[in-house]
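Student: Take this structure, written in structure tokens, and hold onto it; I'll ask about it next.
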Amino acid sequence: MLIAAAVCPCPPLLVPEVAAGAAPELDGLRAACAEAVRALAAARPERLIVVGPAERAGRGPHAQGAAGSFRGFGVEVEVRLAAPPADGASGGDDAAGQAPSPSLPLSLAVAAWLLEHAGWDPAVPVEGLGVGEPLAAERCIEVGRELAGRAERMALLVMGDGTACRTLKAPGYLDERAAPFDAEVARALAAADTGALAALDEELAYELQAAGRAPLQVLAGAAEGAPLKGELRYDEAPYGVGYFVASWSS
């Protein structure tokens, strides 16, 4: 049963060491993400499931304590997915005393960083699930329904960006369709409108490089019929990419 959800973007620049000198530019976004994660904790879920875009090899599921890394961006920053207390359980070092190789896709590594810096209680079980960008809307919604069908009180942390075509300097250059697409996503998040998220155009999202489309449609399936209200905490497009932070709660 879904009792709460949060939506956050997943740019590696959220990690200050990756952003380096530009880190202060996203301080407001980091603060909004931290507030959204704390609101999830306040709902007192029995389990948190983190959903984000991933390549096929990283789709998981990923257990609590799974490792992630930002070494690909030239920084020695490693994370664990809400690592449980050290007791020899899964997520600890291997038998040779070495940390396990990173397995989290980038979106879930960013989520792991957010959970750590928002003070997530590792006693609350966490698992990660990567979804592929090409996954059809119907299947995304079905996955969400399956997650919500669990008996326990569950919360979702949904990672994903909006379009990457909002300005001339955006990664996908300027596309006039990007702003209306992001505006509809922002409206749906503010209103907890699962129908609108479910109806997002897959082909258009792909053309606009909206990497959060599939995770948002997982949320749409999970929240069907749930009495949740939405709060939009952040809606801006730094660097020409749409970033949203939202909370859904009862």
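The values are calculated or read from the model by the stated rules, or taken from the named source; none is laboratory data. Please read all numbers here as calculations on a predicted model, not as lab measurements. Reconstructed Cβ throughout: ideal geometry from the backbone, glycine too, with neighbour counts over all protein chains shown. SASA here: full protein model, heavy atoms, side chains in, ligands and nucleic acids out. Shrake-Rupley method; radii C 1.70, N 1.55, O 1.52, S 1.80 Å.
Student: Name the one entry in ALA196, ALA190, ALA205 that is assigned to a helix (DSSP H, G or I), closer than 14 Å to ASP235 by Cα and among the small types (Gly, Ala, Ser).
Tutor: Values: ALA196 fails: closer than 14 Å to ASP235 by Cα; ALA205 fails: closer than 14 Å to ASP235 by Cα.
Exactly one of ALA196, ALA190, ALA205 is assigned to a helix (DSSP H, G or I), closer than 14 Å to ASP235 by Cα and among the small types (Gly, Ala, Ser), namely ALA190.
Student: Also: Residue by residue through region 1-19, note down the ones that are assigned to a strand (DSSP E or B) and surrounded by 22 or more Cβ atoms within 10 Å (Cβ to Cβ).
Tutor: So in region 1-19, the residues assigned to a strand (DSSP E or B) come out as 2-8.
Answer for region 1-19, where residues must be assigned to a strand (DSSP E or B) and surrounded by 22 or more Cβ atoms within 10 Å (Cβ to Cβ): LEU2, ALA4, ALA5, ALA6, VAL7, CYS8.
Student: One residue is enough: does region 33-41 have a residue meeting the conditions under 21 Å from GLY130 (Cα atoms) and not in a helix (DSSP H, G or I)?
Tutor: no
This table checks each residue for (1) in contact with a strand residue (DSSP E or B) (Cβ under 6 Å, 6 or more places away or on another chain); (2) more than 19 Å from PRO53 (Cβ to Cβ); (3) not small (Gly, Ala, Ser).
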{"residue": "TYR206", "(1), (2), (3)": "no, no, yes"}
{"residue": "GLY212", "(1), (2), (3)": "no, no, no"}
{"residue": "PRO215", "(1), (2), (3)": "yes, no, yes"}
{"residue": "ALA222", "(1), (2), (3)": "yes, no, no"}
{"residue": "ARG233", "(1), (2), (3)": "yes, yes, yes"}
{"residue": "ALA237", "(1), (2), (3)": "no, no, no"}
{"residue": "GLY242", "(1), (2), (3)": "no, no, no"}
{"residue": "VAL245", "(1), (2), (3)": "yes, no, yes"}
{"residue": "SER249", "(1), (2), (3)": "yes, yes, no"}
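Student: Which pairs do you get when a residue that is touching a residue at least 40 places away in the same chain (Cβ under 8 Å) and farther than 17 Å from VAL37 by Cα, found in region 156-169, comes within reach of a residue that is assigned to a loop (DSSP other than H, G, I, E, B) and of a type in the set (Val, Ile, Thr), reach meaning Cβ atoms under 8 angstrom, with the pair 6+ apart or on two chains?
Tutor: Once the first residue is touching a residue at least 40 places away in the same chain (Cβ under 8 Å) and farther than 17 Å from VAL37 by Cα and sits in region 156-169, its partners that are assigned to a loop (DSSP other than H, G, I, E, B) and of a type in the set (Val, Ile, Thr) give GLY162/VAL241; THR163/VAL241; ALA164/VAL241; ARG166/VAL241.
Student: Let me ask you something else. Can you pull out the residues in region 143-168 that are closer than 20 Å to ALA192 by Cβ and hydrophobic (A, V, I, L, M, F, W, C)?
Tutor: Passing the criteria: VAL143, LEU147, ALA148, MET154, ALA155, LEU156, LEU157, VAL158, MET159.
Conditions (1) of a type outside the set (Lys, Arg); (2) on the phi > 0 side of the Ramachandran plot; (3) free of Cβ contacts under 8 Å to residues at least 40 places away in the same chain, marked per residue:
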{"residue": "VAL185", "(1), (2), (3)": "yes, no, no"}
{"residue": "GLY195", "(1), (2), (3)": "yes, no, yes"}
{"residue": "GLY225", "(1), (2), (3)": "yes, yes, yes"}
{"residue": "TYR239", "(1), (2), (3)": "yes, yes, no"}
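Student: Let me ask something additional. Keeping to region 197-223, report how many residues are farther than 15 Å from SER247 by Cβ, open to solvent by less than 60 Å² (accessible area, probe 1.4 Å) and touching a residue at least 60 places away in the same chain (Cβ under 8 Å).
Tutor: Selection size over region 197-223: 11.
Student: Something else about it: Filter region 198-227 down to residues that are over 15 Å from the mean Cα position of the chain (by Cα), under 18 Å from VAL143 (Cβ atoms) and of a type outside the set (Asp, Glu) and give me whichever is modelled with the lowest pLDDT.
Tutor: Taking region 198-227 first, the residues over 15 Å from the mean Cα position of the chain (by Cα) are 198-209, 221, 223-227.
Subsequent filtering for residues that are under 18 Å from VAL143 (Cβ atoms) retains 198-200, 202, 205, 221, 223-226.
Next, from what is left, pick out any that are of a type outside the set (Asp, Glu): 198-200, 205, 221, 223, 225-226.
Details: ALA198: 98, ALA199: 98, LEU200: 98, ALA205: 97, GLY221: 98, ALA223: 98, GLY225: 92, ALA226: 95.
Looking at residues that are over 15 Å from the mean Cα position of the chain (by Cα), under 18 Å from VAL143 (Cβ atoms) and of a type outside the set (Asp, Glu), I get GLY225.
Student: Picking from ALA63, ALA31, ALA22, which residue would you name as being open to solvent by 10 Å² or more (accessible area, probe 1.4 Å), under 24 Å from VAL143 (Cα atoms), aliphatic (A, V, I, L, M) and more than 14 Å from the chain's Cα centre (by Cα)?
Tutor: Values: ALA31 fails: under 24 Å from VAL143 (Cα atoms); ALA22 fails: under 24 Å from VAL143 (Cα atoms).
Just a single option satisfies the conditions, and that option is ALA63.
Student: Also, I was wondering about something else. Output the residues belonging to region 235-250 that are surrounded by fewer than 21 Cβ atoms within 10 Å (Cβ to Cβ) and touching a Gly at 6+ places or on another chain (Cβ under 9 Å). Let's see the steps before the verdict.
Tutor: The first filter runs over region 235-250 and keeps only residues surrounded by fewer than 21 Cβ atoms within 10 Å (Cβ to Cβ), leaving 235-240, 249-250.
Matches in region 235-250: ASP235, GLU236, ALA237, GLY240, SER249.
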